[in-house]
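Structure record follows, encoded as structure tokens.
Rule-based calculations on the coordinates, nothing more; no lab input. No experiment lies behind these values; they were computed from the predicted model shown. Every residue, glycine as well, gets a Cβ built from its backbone with ideal geometry; the counts of neighbours run over all protein chains shown.
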Amino acid sequence: MTSPLRVGVVGVGYLGRIHAKIYSQMSNVNLVGVADINTDTATEISSQYRCQGFTDPYALIGKVDAVSVCVPTSVHGEVAVPYLESGVHMLLEKPIAPTVGQAETIVAAADSKGVVLLIGHLERFNAGIMRLAERVQNPRFIESHRLGTFVERATDVDVVTDLMIHDIDIVLSLVKSELTYVSAIGSPVLTNHIDIANARLEFANNTVANVTASRVSTKKFRRIRVFGSDSYQALNFIDQQIEVVSKTKPAPGQLYPGLKTERLAIEPRLPLDAELEHFVEVVGNGSQPLVNGKDGIKALRVAEQVQRKIEACQN
């Protein structure tokens, strides 16, 4: 019988504690411990899930085979690299790092040890997105909106890094062509960072993506529409359902085609459950993760381009 995978979680704030909960419920995983610089938090979560608790972020090195790193983005490199250099497989929350340079250092550390590095672009594990990725062939235009209400939890970064990067990553995964041009505009609203932004991404194959993100809306709205030559597919990220709108033949006496709508049968699933199960699976069988370090760098590089374009508009 195969021994359970020894797993830990570094950083058990809002998201990290959910990682710990899910791992604690997996039959093929042994949640060895959690680490958090806040003593009360480390004690609370370790007690709740009956594992060891540490305040030293590196205390799990040598004790685990794999780790989820859910610390603030600003310290991703500082925390991640020692684990990777010690041969520990890693799920690193998005964005991969605060800068592309630091991201490249993280990926190099993982590559040098041949360990799994999964970047936590959670929406790639949305059941609707996974079905959409199977169906999309040659998208011509992509339109996405990721709007949310204001929460203080992620105010150390702007809306591009916090929210828009999800859709940047999805667009890059759907469009199999080189990105050739980026334009963007955005503005602070409630914080000193950009709180609402729009970006236009143009690709060498003439595909265009229009991406909007806001964290100052009055309600949550998360949708993406992918247009082909004779139909489009619309995904609601929240209920994970897809509507396919396609042309029909003109009705008798009509000059133009009509439109018909088909709703696909998709079984919704909590994306984080799917992501952690995938992580454990690829660690176990040595396969490539759905979102690897290079994917994380690509998304971050485009996010930085968007940020620079917005800054240029403000000067």
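Determine ³J(HN,Hα), in whole Hz, for all residues of the range 303-314 in sequence, where each value follows from phi through the Karplus function 6.51 cos²θ - 1.76 cosθ + 1.60 and θ = phi - 60°; x replaces Gly and Pro.
Once θ is set to phi - 60°, the couplings for the range 303-314 become 4, 5, 4, 4, 4, 5, 5, 5, 4, 5, 5, 7 Hz.
Treat every Asp and Glu Cβ in the chain as -1 and every Lys and Arg Cβ as +1, leave all other atoms uncharged, and give the resulting dipole magnitude about the Cα centre to the nearest 20 debye.
1040 debye
Calculated from the structure, Cα extents along the principal axes in Å equals which of (1) 73, 54, 31; (2) 73, 54, 38; (3) 57, 42, 37?
Correct label is (2).
Report the label-to-label distance for LEU259 and GLN25 in nanometres (one decimal), using points 7 Å from each Cα along the Cα→Cβ vector.
If labels sit at LEU259 and GLN25, their model points lie 3.9 nm apart.
For the chain, find the longest principal axis of its Cα atoms and tell me its angle to the long axis of helix 165-174, 0 to 90°, nearest 10.
The angle comes out at about 60 degrees.
Which angle from 0 to 90°, rounded to the nearest 10, does the C-alpha axis of helix 76-85 make with the longest principal axis of the chain?
Between the helix axis and the principal axis of the chain, the angle is about 60 degrees.
For all pairs of alpha-carbon atoms in the range 179-267, what percent lies in each bin of width 10 Å, listed from the first bin to the last filled one?
Going from the shortest bin to the longest, the percentages are 14, 29, 32, 19, 5, 1.
Taking N as the number of residues in the range 5-115, what is its alpha-carbon radius of gyration divided by 2.2 N^0.38 Å?
In units of the 2.2 N^0.38 Å rule of thumb, it is 0.99.
Roughly how far apart, in whole Å, are the Cα centres of the range 93-146 and the range 49-71?
Each part reduced to its Cα centre gives a spacing of 24 Å.
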